[in-house]
Amino acid sequence: MPGLYGISVGALNNAMTGVYTAGHNISNANTPGYSRQTIEQTTNDPLRTGAGFIGQGATVGAITRLYDGFLTQQVRQANSQAMESSTYLAQMQSIDRLLSDPNAGLSPALTAFFKGVQEVAAKPADIAARQSMLSSAQSLEARFKSINTQFTDLRAAVNTDIQASVTHINALTRQIATMNDQIALLSANAAAGQQPNDLLDKRDTMVLELNKEIRADVVLGGDGSYGLFSSTGQPLVLGNLAYTLSTVPDADNPTDTQVTVALGSSSMRLRAQDLSGGKLGGSLAFRQGGLTDAQNALGRLAIAMTESVNDQHRLGQDLNGALGGVLFTATNSANPNIVYPNSANTGAGVVTASVTSASGNYGLLTASDYRLTYTALNTYSLTRLSDNTVTALTTAGLPATVDGVTISVPTTPAIGDQFMITPTRYGAAQFSVALTDVRKIAAATPISTAAGLSNAGSGTVSAGTVNAPPPTNANLQQPVTITFTSATTFDVTGVGTLNPVGVAYTAGANITYNGWTIQINGTPGVNDTFTVGPNANGLGDNRNARAIGQMQMQGLMGRSAPGATGITYGEAYGQIVSQVGNKSSQLQVNSDSLKALAAAAEKSQNAVSGVNLDEEASNLMRYQQVYQAAGKMVSIAGVLFDTILNIR
Amino acid sequence: MRISTKEVFDSGSQAIMQGQVDLMKTQQQISSGRKFMSGADDPVAAANGLRLRQGVEINAQYQVNQKAALGTLTQAESVLGDIGSLLLDVRTSTLAAGNNNLLDSDRQNIAQEIAGRLQQLIGYANSTDGAGSYLFGGYNDTTQPYSQTGTSVVYAGDQGSRGLQVSDSRVIDVSVNGAGVFNRVPTGNGVFATSALGTNGGTGAIDAGQVTSPAALLPGHSYQVVFGAGGTTYTLNDTTAGAVVSIGGVPQTNIAYNSATGATLSFNGLQFSISGAPVAGDKFNVVPTTVQSVFTTLQNLVTVLNAPVAGAAGRATLNSGIADALTNIDHAFDNALAARTLMGVRMKEVETLETVSSTHDISMKTALSNIEDVDYADAASRLARQQMVLEAAQKSFVTVSHLTLFNFI
């Protein structure tokens, strides 16, 4: 009889536990990371009697969560990757929209500038046309600067994002470490098979949260604690110890933020590849890839435009009859910030880098950053970071020009010291229009040629060009006379020409003196003269404006060698747009598929661990009925007992 | 397969959200008329769009330049046409002045008319285009190119010619400088010019002559025929070489001359004839062609016509002056005609380029539209479909989410 009570009460308890568990499941149906729990009910050991083994009811041995470690790991990983690409994408999209907008991008301003130039070419002496060209140059400056400001703002925002991520990561790793401790303690004291389910769920939720900030791989410890490691094995949590991350200015470039990890009393700088995945990984990848690439490429365009347009403009003559000056402020005159010594440098070495218009260097620029390392005595190695091409330099060979960047080392560094060189980063920020007086736009060419008015032969002289690059020859505008002494020879007189006599004449061949080049064609007669001299009053001359206008169509950038075929300004900008667009579109695809992957993994996880209210409703009914039946058993046991008591 | 309740709600709301995103995107496309909102939607098309847009803008500028070029060319062409007819008029008057029956006063009247024509010609040479730039000043298009000082007309322009960029690879010169048209007019027959000295006392005349063998010409050499006593002999000197010319090994010294038949001299690749009756000491020059401005030609003509004609010698001077003037006017006319033809050719080219540019404009705009503009039929039907999908998702979600066992217990 007591056994019957025992069985009944046990059944009552079991049913109650079942109802509790179902209720717990129902109330947590919407708790993120919650795994549904079931009771593990086992039959009690039977009682051996003469009549055989009498069943002794059942006991709830444990309440377990329905959990699949593999699926959980998949969810974590997918979420970490999805978060990385969606963070990267979100930031990339803001650049993409900015650059590819047909009205707000650089393209319309670039076109407008050349349109202004063409207007001046059409009406070289018209002040209104000149004003329009100057205004369009100024709006080009404004557009360069505003796009660059957006880049700078994004860089600052990325630094803030990194800071925020690091703070969040630190909070999470600390909590996970604490929970590791609790779980280890509770698990150690629990009976076999029993686990602190809700704590485990909570910890898994936090690890998932952490993975959304940075990829953290889980290694399960013997005591049930989680060890968390970054993608390259950098520990984030070990047992109850959380490694604290913090941010410092980047060793290579102090305007960027770098993440360090505290190791005891010292700290170690983490590279971008140590911190992949999650928001942090996305932000770092965006800064390294999209942002820096786009900003450098824009800067390259600004520098190339400045230098090439200036070069041509300086070959011209303005409305006052003076030689052309610079149209845009020369790049090199205000570019102190393109070399950053590494913060770990031990020496006091000074490295300078500059981009000059000399030898068309602007055409060779790449959008990459460079690292200069003083590897051994008198030996430097220069690494182009975009493709890790290494160029060896020696002290004797300095200053050296690589990819259009001239590098010199005024003060020798200590061996092993590194310098980050960012030749194009600030190009767009420094793009500015130097010219303010519209009369100083050099639309004309400073020389004019003429055939003698009494020439009897059929010889004609070309309009003449001024030899690039500037500065122009000091004797450029000295009057020079070419006098034919026979049908095949001529004498030259004029300051700077050294007055050669009997120069052989070839029709159409270049004749170059004093920094200009002309061609004479046809059959000049004896004593025919041709003169080259200043272009006095050449107000209607538009040769230089036309030459500047033609630059829109010339491949002046991205050359492999000076004079080689390159790409036009418009194409260079189109390249940025298409690179950013391609990257964004690739990220969009990645992000979508990773999100789908994460959703699929979560779906699989939910299929195992998620709460189904209908199921819980049926469980409630089931346990309720068991409870009612067990209650009936107690009352039957009571009746039976009464029956015994009533036997007298 | 187990479905958790959370899953039912999550997937339901996710489907609705996705439907809304799609719908919004299509709606944006329809309202903006653009196929893509950012470069990421279609990077290649975005870059192509930028390139085409720039192409359209450049082309538009070329079209503006073409109009301006055509305007200036038309103006210059018309002025050059006027100059041509003016020169023809002058030629007619000059021929009339050669009439032996005219009196000095008649010739002076003609001279007066030609002087007026000269002023008119200077006016033409100082023509401006619509914007006030001088057509024939070269680069120096703000200073009046021709001005008369005394009897000479001075050119103040330069020899540049203004070009306009009318296509990617073509710069059209829209002006010709005055030096080429008015100043550099060749004299004589283009190789050499003959003349009788003004101090000649006889009636001897020399024709314009011709080139018989270009290869045998001695470039730059001048010759002089000097008549001896009684005008019955002549000597032919090469004044450049300072020697007597030999023809067929015979030095041309004191060669007999018959005033009834005249003489034809043929040597060193050139040939000319002398006729009439020169007197002793009369000289005829043969010099390499030089150039003379059309203004000087007209001015000289005016001077010749104004001078009273006395006797046979005076008549000879007049005739030779008129002959010179006719030759030079013809050359000036040729010059103006050549320049006018050049303008015409350029106008034709610009007109062709205008057609090319407008075709190019249409094709680029079509390409741009194909790349950038939304296909409304497609977008509208897409919108309807997406709307249907969204509504279905919403309806089915409501139905599924209402299904719960708790409704029955």
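The values are calculated or read from the model by the stated rules, or taken from the named source; none is laboratory data. Since this is a predicted model, take the numbers as computed values, not measurements. Every residue, glycine among them, receives a Cβ derived from its backbone with ideal geometry; neighbour counts consider all protein chains shown. Protein only, heavy atoms only, side chains kept; ligands, DNA and RNA dropped before computing areas. Shrake-Rupley method; radii C 1.70, N 1.55, O 1.52, S 1.80 Å.
Considering (1) over 24 Å from A:N527 (Cα atoms); (2) open to solvent by 20 Å² or more (accessible area, probe 1.4 Å); (3) more than 10 Å from every other protein chain (Cβ to nearest Cβ); (4) under 38 Å from the mean Cα position of the chain (by Cα), the lone condition that B:G198 does not fulfil carries the number (4).
In summary, A:N103 fulfils each of the numbered conditions (1) buried (at least 19 other Cβ atoms within 10 Å of the Cβ); (2) within 12 Å of chain B (Cβ to nearest Cβ) with the single exception of condition (1).
Filtering the range B:1-20 to residues that are farther than 19 Å from B:T404 by Cβ and either of a type in the set (S, T, Y) or away from chain A (no Cβ under 11 Å) (or both) leaves B:A15, B:I16, B:M17, B:G19, B:Q20. Which of the residues spanning the range B:149-185 are more than 8 Å from chain A (Cβ to nearest Cβ) and among the aliphatic types (A, V, I, L, M)? Passing the criteria: B:V153, B:V154, B:A156, B:V166, B:I172, B:V174, B:V176, B:V181, B:V185.
Sort out which residues of the range A:106-118 are more than 9 Å from chain B (Cβ to nearest Cβ), under 13 Å from A:A137 (Cβ atoms) and aliphatic (A, V, I, L, M), and write them in order of number.
Within the range A:106-118, A:A109, A:V117 meet the criteria.
This table checks each residue for (1) at pLDDT 90 or above; (2) in a helix (DSSP H, G or I); (3) closer than 29 Å to A:Q579 by Cβ.
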| site | (1), (2), (3) |
| --- | --- |
| B:D10 | no, yes, no |
| B:M37 | no, no, yes |
| B:L50 | no, yes, yes |
| B:A68 | no, yes, no |
| B:Q75 | yes, yes, no |
| B:S93 | yes, yes, no |
| B:A96 | yes, yes, no |
| B:N101 | no, no, no |
| B:S105 | yes, yes, no |
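The single condition among (1) at the interface with chain A (Cβ under 7 Å from one of its Cβ atoms); (2) more than 25 Å from the chain's Cα centre (by Cα) that B:N65 does not satisfy is (2). Take the conditions (1) open to solvent by less than 40 Å² (accessible area, probe 1.4 Å); (2) closer than 30 Å to A:A451 by Cβ; (3) among the hydroxyl-bearing types (S, T, Y); B:T327 misses just one of them, which is (1).
Taking the range B:221-231 as the range and being more than 14 Å from B:N285 (Cβ to Cβ) and either in a loop (DSSP other than H, G, I, E, B) or within 35 Å of the chain's Cα centre (by Cα) (or both) as the test, only B:G228 passes.
Looking at the range B:27-58, which of its residues are more than 11 Å from chain A (Cβ to nearest Cβ) and buried (at least 20 other Cβ atoms within 10 Å of the Cβ)? Residue satisfying the conditions is B:Q29 alone. Taking the range A:565-578 as the range and being more than 10 Å from every other protein chain (Cβ to nearest Cβ) and touching a residue at least 12 places away in the same chain (Cβ under 8 Å) as the test, the residues that pass are A:G566, A:I567, A:A572. Return a yes/no flag: does the range B:125-136 have any residue that is more than 10 Å from chain A (Cβ to nearest Cβ), assigned to a helix (DSSP H, G or I) and either out of contact with any Cys (no Cβ under 7 Å at 6 or more places or on another chain) or of a type outside the set (A, V, I, L, M, F, W, C) (or both). The answer is yes; a qualifying residue exists. Tell me, please, whether a residue that is touching a Pro at 6+ places or on another chain (Cβ under 8 Å), over 30 Å from B:V356 (Cβ atoms) and within 14 Å of chain A (Cβ to nearest Cβ) can be found in the range B:101-118. No - not one qualifying residue is present in the range B:101-118.
Filtered by the rule that a residue be in contact with a Ser or Thr (Cβ under 8 Å, 6 or more places away or on another chain), part of a loop (DSSP other than H, G, I, E, B) and open to solvent by 30 Å² or more (accessible area, probe 1.4 Å), the range A:212-229 gives A:R215, A:D223. Among the residues that make up the range A:119-132, is at least one of them open to solvent by 30 Å² or more (accessible area, probe 1.4 Å), away from chain B (no Cβ under 14 Å) and assigned to a helix (DSSP H, G or I)? Yes, the conditions are met somewhere in the range A:119-132.
Scanning the range A:354-364 for residues that are open to solvent by less than 30 Å² (accessible area, probe 1.4 Å), in contact with a helix residue (DSSP H, G or I) (Cβ under 6 Å, 6 or more places away or on another chain) and either at pLDDT 90 or above or of a type in the set (S, T, N, Q) (or both) yields A:S354, A:S357. Being in a helix (DSSP H, G or I), in contact with a helix residue (DSSP H, G or I) (Cβ under 6 Å, 6 or more places away or on another chain) and open to solvent by less than 50 Å² (accessible area, probe 1.4 Å) narrows it down to one of A:S136, A:S94, so name that one. Selected residue: A:S136, the only one of A:S136, A:S94 that is in a helix (DSSP H, G or I), in contact with a helix residue (DSSP H, G or I) (Cβ under 6 Å, 6 or more places away or on another chain) and open to solvent by less than 50 Å² (accessible area, probe 1.4 Å).
Results for (1) among the β-branched types (V, I, T); (2) more than 14 Å from chain A (Cβ to nearest Cβ); (3) crowded, with 21+ Cβ neighbours inside 10 Å; (4) farther than 30 Å from B:E77 by Cβ, shown as yes or no for each residue.
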| residue | (1), (2), (3), (4) |
| --- | --- |
| B:V287 | yes, no, no, yes |
| B:Q292 | no, no, yes, no |
| B:L301 | no, yes, yes, no |
| B:N306 | no, yes, no, yes |
| B:V309 | yes, yes, no, yes |
| B:S320 | no, yes, yes, yes |
| B:A336 | no, yes, yes, no |
| B:M364 | no, no, no, yes |
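Set side by side, the residues A:T160, A:T232, A:T173, A:T178 differ, and just one is over 22 Å from the mean Cα position of the chain (by Cα) and open to solvent by 10 Å² or more (accessible area, probe 1.4 Å), which is A:T178. Selection over the range A:425-479 of residues that are within 11 Å of chain B (Cβ to nearest Cβ) and assigned to a strand (DSSP E or B) gives a count of 8.
Within the bounds of the range B:379-397, is there any residue that is closer than 26 Å to B:A60 by Cα, aliphatic (A, V, I, L, M) and either within 30 Å of the chain's Cα centre (by Cα) or open to solvent by 40 Å² or more (accessible area, probe 1.4 Å) (or both)? No, the range B:379-397 contains no residue that is closer than 26 Å to B:A60 by Cα, aliphatic (A, V, I, L, M) and either within 30 Å of the chain's Cα centre (by Cα) or open to solvent by 40 Å² or more (accessible area, probe 1.4 Å) (or both). Look at (1) open to solvent by 30 Å² or more (accessible area, probe 1.4 Å); (2) closer than 24 Å to A:L298 by Cα; (3) modelled with pLDDT of 90 or more; (4) not in a loop (DSSP other than H, G, I, E, B) and you find that A:T383 fails only one, number (1). Looking at A:G549, A:G581, just one residue is touching a strand residue (DSSP E or B) at 6+ places or on another chain (Cβ under 8 Å), open to solvent by less than 40 Å² (accessible area, probe 1.4 Å) and either touching a residue at least 60 places away in the same chain (Cβ under 8 Å) or not in a helix (DSSP H, G or I) (or both), and that residue is A:G549. The number of residues in the range A:613-648 that are open to solvent by less than 40 Å² (accessible area, probe 1.4 Å) and without any contact (Cβ under 8 Å) to a residue 60 or more places away in the chain comes to 2. Out of all the residues in the range A:504-519, is one or more in contact (Cβ under 8 Å) with a residue 60 or more places away in the chain and either in contact with a strand residue (DSSP E or B) (Cβ under 7 Å, 6 or more places away or on another chain) or not in a helix (DSSP H, G or I) (or both)? Within the range A:504-519 (the criterion being in contact (Cβ under 8 Å) with a residue 60 or more places away in the chain and either in contact with a strand residue (DSSP E or B) (Cβ under 7 Å, 6 or more places away or on another chain) or not in a helix (DSSP H, G or I) (or both)), the answer is yes, since at least one residue qualifies.
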